[in-house]
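What follows is a set of notes on a single structure, which appears directly below.
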Amino acid sequence: MTVTENNTGARNEEAASLIDGARERIDALDARIIALVQERMAVSASIQDARMGSGGGRVSLSREMEILGHYSDTLGRPGTALAMTLLELCRGRI
């Protein structure tokens, strides 16, 4: 097996096999993450519908700040960017 044959960048079969297995796991994790994001979007839509149906606004900025803080505290600066992306996916741009 050559590096170009399996596209792992590995220089031996053992490393290539490990990389292939890890990539399969990452692909499975990505599929789960996407499904969870889609589920989060649906739950967020139901919250927005309930809030607006009761005369409230579409977005709760204090709740969004809690979410941003949680992601930032847990994952650091990249967590803030991830939370912002999730919030935008779930409520749209404000």
The residue from Glu39, Glu5 that alone is out of contact with any His (no Cβ under 6 Å at 6 or more places or on another chain), at pLDDT below 95 and assigned to a helix (DSSP H, G or I) is Glu5
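Residues checked against (1) in contact (Cβ under 8 Å) with a residue 40 or more places away in the chain; (2) open to solvent by less than 70 Å² (accessible area, probe 1.4 Å); (3) of a type in the set (Ser, Thr, Tyr):
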site: Glu14; (1), (2), (3): no, no, no
site: Gln48; (1), (2), (3): yes, yes, no
site: Ser60; (1), (2), (3): no, yes, yes
site: Gly69; (1), (2), (3): no, yes, no
site: Leu75; (1), (2), (3): no, no, no
site: Met84; (1), (2), (3): no, no, no
site: Glu88; (1), (2), (3): no, no, no
Subset tally (residues that are closer than 27 Å to Arg91 by Cα, hydrophobic (A, V, I, L, M, F, W, C) and open to solvent by less than 80 Å² (accessible area, probe 1.4 Å)) for region 16-42: 7
Please count how many residues of region 43-65 are assigned to a helix (DSSP H, G or I) and either farther than 18 Å from Arg93 by Cα or in contact with an Asp or Glu (Cβ under 6 Å, 6 or more places away or on another chain) (or both). 2
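Quickly run through region 65-81 and pick out the residues that are touching a helix residue (DSSP H, G or I) at 6+ places or on another chain (Cβ under 6 Å) and more than 15 Å from Met41 (Cβ to Cβ). Show your work before the answer.
Here is the first cut: in region 65-81, the residues touching a helix residue (DSSP H, G or I) at 6+ places or on another chain (Cβ under 6 Å) are 67-68, 71-72, 79-80.
Hits for region 65-81 are Leu68, Tyr71, Ser72, Gly79, Thr80.
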Checking Gly55 against (1) open to solvent by 80 Å² or more (accessible area, probe 1.4 Å); (2) at positive phi, the condition it does not meet: (1)
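The values are calculated or read from the model by the stated rules, or taken from the named source; none is laboratory data. Here the structure is a predicted model, which means the values were calculated and not measured. Heads up, the Cβs are rebuilt from the backbone with ideal geometry, glycines too, and the neighbour counts pull from every protein chain shown. Note: accessible area is taken over every heavy atom of the protein model, side chains too, but ligands, DNA and RNA are not part of it. Shrake-Rupley method; radii C 1.70, N 1.55, O 1.52, S 1.80 Å.
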